[in-house]
Every structure is written in structure tokens, then in C-alpha cells.
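Enquirer: This is the structure, below, for whatever I ask next.
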Amino acid sequence: MTLRLAIVADIHHGRPSTAKRGDRALPLMDDFAAFVREAGATRVLDLGDRISDENRETDLTLQAEVAEAFRAVPVPAWHINGNHDRDHLSVADNEAILGQPLGHEVQDVEGWRIVLWRADSRIRRGADGSGFVLAEADLVWLARTMQAADRPCLVVSHVPVSGHAQTGNYYFQNNPAASTYPMADRARAALALARVPVVCLAGHVHWNTVTCVDGITHLTQQSLTESFTTGGEAAGAMGVIELGETVRWEVAGGDPFAFAFRPDARRWTPPLPEFARHPELRAVRLTQAAE
Ligand SMILES: [Fe+2]
């Protein structure tokens with residue numbers, strides 16, 4: 001059996017901001033409802049950043065409008081909070097508006113385990129800089145969940161942990177630290193504890209990417225309303241992921257993307273250290289230099 005899930009990322013309903021066409025969010029959510037119906041998906045994954053934040057009062061209204069738009073989608077959604085959902089609102093605020101708990105969650109469907117890793121996605125702002133914090137409780141939950149995995153897992157989060165390069169990314173080329181968690185390598189180590197195939201899916205970075213690390217395939221999906229890759233028009237990115245022995249991920253809209261692969265439980269050989277630090281490799285170089 002294969003499982004088909006529809007995906008929407010970084011809806012960013014609200015005022016247009018930088019390259020985000022928040023003014024297009026609600027009409028595009030109408031299109032998304034039709035897309036889900038046609039795609040025959042049984043569930044929707046909302047990868048977070050449903051709004052572009054302004055202040056608490058406005059954000060409560062914007063979130064309620066997005067929740068209303070989800071009511072037109074014909075199947076239930078699993079929601080995840082992004083950083084913009086948390087700038088002025090708590091997890092409890094979002095739970096009340098969306099009508100679902102937003103803690104970590106595991107759902108077994110059609111031979112797959114959907115791991116909703118709802119790690120803290122708030123950006124902390126302090127005198128010594130700003131950024132995400134990978135909370136120990138979130139890391140430990142991920143590690144335990146991966147250790148216990150007995151079937152293929154789709155791990156879903158707002159913030160990607162692949163560590164992929166941000167060259168060319170409108171937001172993150174010059175701000176790579178804000179594209180992921182500091183210590184994302186520890187999240188990757190937690191994922192690698194799984195003895196089953198693992199696929200990761202995230203939003204946040206507003207582009208479609210595939211990155212393979214240690215035998216784990218990490219996907220990020222373009223934002224519904226992003227325009228930096230689409231000449232100023234909202235991308236209208238709407239995805240479907242089909243989970244079976246083969247995984248097929250397809251993104252429709254102005255920034256289309258398709259990728260199919262067979263996830264594998266095998267992890268990769270641990271990378272070499274710097275050549276100069278490895279006694280064997282250093283010895284070879286010294287021998288060669290002496291010859
Ligand atoms: Fe976003």
C-alpha cells in the first residue's frame with residue numbers, strides 16, 4: 001500500500017513582506033483545497049509559518065483566517081508551528097486556533113510512521129544575537145523515537161536539519177545560521193540511530209531541495225507564497241508525497257519539482273577527518289613527498 005499526503009509550506013498569510021506574497025495566501029489556499037481533492041491525498045502536512053507576524057492581536061486574526069481556509073480542505077491536516085507562528089503567539093494559542101495539540105506526535109499509517117517532530121521553532125532574540133535553539137527535550141525525543149522505529153519513517157519539522165548549502169537563497173545565503181538549528185549535526189546523529197529507512201521533510205527555507213546525508217534523504221518544499229524564484233509572482237507550491245517502497249515527491253505550481261527515490265535503512269561510512277589530521281593519510285603524503 002502507498003500513502004499519499006499533500007504538503008503546504010510557509011503560507012505566510014498577511015502583508016507582503018520582502019519576497020513573500022502574503023496577499024496571495026488565502027486565494028492560493030482555495031486552490032490548495034481543490035489540489036488536495038484532485039490529488040487523492042488522505043492527509044495534509046502543514047509545515048508551518050502560516051502567517052507573516054506583526055503583533056499579537058493581528059497574528060491571532062491572521063491565524064484564525066488560515067484555520068478557516070483549512071476548513072475548506074477536504075481531509076484533515078497535521079500542523080506544525082514555524083518561527084513566524086511563534087513570534088507573538090504561544091504553542092497554546094496556535095493549538096486553540098487550529099483545534100489540535102501541537103506537541104511531538106507519532107502516527108502509524110499504511111506501513112509508514114509519520115514522525116511530527118514539533119521542535120521549538122521560536123527565534124530567540126537577545127543582545128548577543130538571535131537564532132533558533134535546539135532544545136534538549138526536543139533532541140532527546142527525536143533520538144528515542146528513532147531508536148524505537150520499527151518501520152520506515154517520515155520525519156516532519158519546520159526547520160530543516162540537513163545542513164544544506166544556502167548559496168543562492170534569497171533569505172539565507174548571507175544568513176546561513178538562521179536556516180537551521182545550531183547543533184543540527186546532533187539532530188542528524190539522532191536520525192541516524194534509526195535502523196529503518198528515514199525521509200525528512202521541512203519548510204522554512206522557501207525552496208525545493210533534496211539533500212542526502214548518511215543514507216537519509218532530506219526534502220524541503222517551496223513556500224506557497226514565495227516569489228524569489230518566480231519573478232515576483234507567488235510560487236503557489238503545492239506538494240504530494242507518495243510513501244511506499246519508492247517515495248515520489250512532486251511539487252506543483254510556478255516552481256515545479258519532482259523527485260523519486262528508494263529510501264534505504266543503510267547508513268553511510270563515517271566521513272574522513274581533515275586529511276592532514278589522519279595519521280595514515282598524512283604518512284602517505286609524507287612518504288610521497290620524500291620520494
Ligand atoms: Fe517561512
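The values are calculated or read from the model by the stated rules, or taken from the named source; none is laboratory data. These figures come from a predicted structure and were not determined experimentally. Virtual Cβ from ideal backbone geometry, glycine too; neighbours counted across all protein chains shown. Protein only, heavy atoms only, side chains kept; ligands, DNA and RNA dropped before computing areas. Shrake-Rupley method; radii C 1.70, N 1.55, O 1.52, S 1.80 Å.
Enquirer: Roughly how many Å² is the accessible area per residue of the chain, as a whole number, for a 1.4 Å probe? Mind dumping the intermediate values first?
Expert: Values: 13270 Å² over 291 residues.
Accessible area per residue, the chain: 46 Å².
Enquirer: What number, rounded to the nearest 500 deg cm²/dmol, is the helix-based mean residue ellipticity at 222 nm of the chain, given -39500 (n - 2.57) per DSSP H run of at least four residues and division by all its residues?
Expert: That calculation yields -7500 deg cm²/dmol at 222 nm.
Enquirer: Once phi is turned into ³J(HN,Hα) by the Karplus curve 6.51 cos²θ - 1.76 cosθ + 1.60 with θ = phi - 60°, what whole-Hz value does each residue of the range 7-17 show in order, with x for glycine and proline?
Expert: Once rounded to whole Hz, the list reads 10, 10, 10, 6, 5, 6, 4, x, 5, x, 8.
Enquirer: Grab the beta carbon distance between Glu280 and Arg248, set R0 = 45 Å, and tell me the FRET efficiency rounded to 0.05.
Expert: The formula returns an efficiency of 0.60 here.
Enquirer: Let me make sure I get this right: for the range 60-131, a, b and c are the square roots of the gyration tensor eigenvalues over alpha carbons, sorted descending. Under 1.5 in a/c it's rounded, otherwise prolate if a/b > b/c, else oblate. Which is it?
Expert: oblate
Enquirer: Quick one: of the DSSP bridges fully inside the chain, what percent are antiparallel, nearest 5?
Expert: Beta bridges within the chain, antiparallel portion: roughly 60 percent.
Enquirer: How high is the relative contact order of the chain, in percent, counting Cα pairs under 8 Å that sit 6 or more residues apart?
Expert: Reported relative contact order: 18 percent.
Enquirer: In terms of the Cα gyration tensor, with a ≥ b ≥ c the square roots of its eigenvalues, is the range 93-148 rounded because a/c is under 1.5, prolate because a/b exceeds b/c, or oblate?
Expert: Oblate shape, in that a/c is at least 1.5 and b/c is the bigger or equal ratio.
Enquirer: Considering all projection directions equally, how large on average is the shadow of the alpha-carbon convex hull of the chain, in square nanometres?
Expert: Mean projected area of the Cα convex hull: 17.6 nm².
Enquirer: If you don't mind, another one. Need the full-extension length gain, Leu26 to Leu272, defined as separation in residues times 0.36 nm minus the C-alpha distance. One decimal, nm.
Expert: Extra length available between Leu26 and Leu272 comes to 83.7 nm.
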